[in-house]
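The values are calculated or read from the model by the stated rules, or taken from the named source; none is laboratory data. Everything quoted here is computed from the prediction, not taken from an experiment. Note that we place each Cβ from the backbone using ideal geometry, even for glycine, and neighbour counts take in every protein chain shown. Side chains are part of the model used for accessible areas, which takes the heavy atoms of the whole protein and leaves out ligands, DNA and RNA. Shrake-Rupley method; radii C 1.70, N 1.55, O 1.52, S 1.80 Å.
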Amino acid sequence: MRVLVATAVPAERDAVARAFPTAAEDVPVPGAVLRRTAAGCDLLAAGVGPARAAASVSAALTAAALDGTPYGLVVSAGIGGGFLPGAPLGSLVVADEITVADLGAETADGFLPVTELGFGTVTHRSPESLVRVVSEAIGARTGTVLTVSTVTGTAARADGLRALHPRALAEGMEGFGVAEAAAAHEVPVLEIRAISNPVGPRDRAAWRIGDALAALAEAFGKIAPLMESWSQHDDQ
Ligand SMILES: O=C(O)c1cccc(C(=O)CC[C@H]2O[C@@H](n3cnc4c(=O)[nH]cnc43)[C@H](O)[C@@H]2O)c1
């Protein structure tokens, strides 16, 4: 099965690429450049934020479909913020739910998700069997991973997110965009975050990006063969 792994930035893509040591080639498609591994897994630095990530992943999915070689799985991967104490620095989180946290309307009575305005969706769920197999293989916790367009930078905002999303373990900026693109192509999606910083008051100097990238690389070393052999039929 062909797998597309979408990260935000090249440093994250290169961490994932360490799991595929044999030669890879860059394949341009309209709107994106894929790093194609010999194992048949394509890696994509899709850009920061849900909109750019959705555009890049959509370009890759469309190119593959037109080529007659569609992907069977899309994985959103990267570093992320962790909600303590559930997701400490250096740990791994696999999303069973990918939820956009700030798509909706602010009202005097609080935040209304876009679904309560009568539009769209706010959550995508990943196949249970895949979440189980992957999380067990890498020792990850499973829960909701939030997608935000603005990185949380205060304790008040972190507490607000916790109150609205009690199952949230992590936040990133791309998962929901990647999942929207995958859903439009009816391809299952998975999100994996390696925790680089706590969700809370902003302290960029304290982000442990190197440790998180190392954890991401180690995780993909374990799960690359699992992803390629996983079939959606395993969930039925
Ligand atoms: O500066 C570097 O060397 C470097 C290497 C790899 C990645 C980065 C990024 O800044 C990645 C941005 C990416 O990280 C996600 N992220 C990380 N922490 C959080 C957070 O607390 N809240 C939301 N997103 C977070 C996010 O997906 C960004 O796209 C730098």
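Counting pairs of Cα atoms in the range 3-230, how many percent are more than 32 Å apart?
14 percent
Please give the length that would be gained between T150 and A105 if that part of the chain were fully extended, namely 0.36 nm times their separation in residues minus their C-alpha to C-alpha distance (nm, one decimal).
Gain on stretching T150 to A105: 14.7 nm.
In deg cm²/dmol, rounded to 500, what helix-only [θ] at 222 nm does the chain give when every DSSP H run of at least 4 residues adds -39500 (n - 2.57) and the total is split over its residues?
-10500 deg cm²/dmol
Among the GluC sites (Glu not before Pro) within the range 157-199, which fall in a DSSP loop and have no more than 10 other Cβ atoms within 10 Å of their own Cβ?
E186
Taking only protein heavy atoms into account and a 1.4 Å probe, give the accessible area per residue of the chain in Å².
The answer is 44 Å² per residue.
Rounded to the nearest 5, what % of DSSP beta bridges with both residues in the chain are antiparallel?
Counting only bridges with both partners in the chain, antiparallel ones make up about 40 percent.
For every other residue with a beta carbon closer than 13 angstrom to the beta carbon of T147, add +1 if it is Lys or Arg and -1 if Asp or Glu, then tell me the sum.
-4
Expressed as a whole number of Å, what is the distance separating the alpha-carbon centroids of the range 87-109 and the range 168-236?
When both Cα centres are located, 13 Å separates them.
Taking the full set of protein chains and a 1.4 angstrom probe, give the accessible area of D159 in square angstrom, rounded to the nearest 10.
Its accessible surface works out to 90 Å², give or take rounding.
Which whole-Hz ³J(HN,Hα) couplings does the range 100-112 yield from phi under the Karplus relation 6.51 cos²θ - 1.76 cosθ + 1.60, θ = phi - 60°, glycine and proline marked x?
Running phi through 6.51 cos²θ - 1.76 cosθ + 1.60 with θ = phi - 60° gives 7, 8, 10, 9, x, 9, 8, 10, 4, 9, x, 7, 10 Hz.
Using a 1.4 Å probe over the heavy atoms of the protein chains, calculate the carbon and sulfur portion of the accessible area of the range 3-230 as a whole percent.
56 percent
Take each of the peptides 139-147, 94-102, average the number of other beta-carbon atoms within 10 Å over its residues, and list them starting from the highest.
Sorting 139-147, 94-102 by mean packing, highest first, produces 94-102, 139-147.
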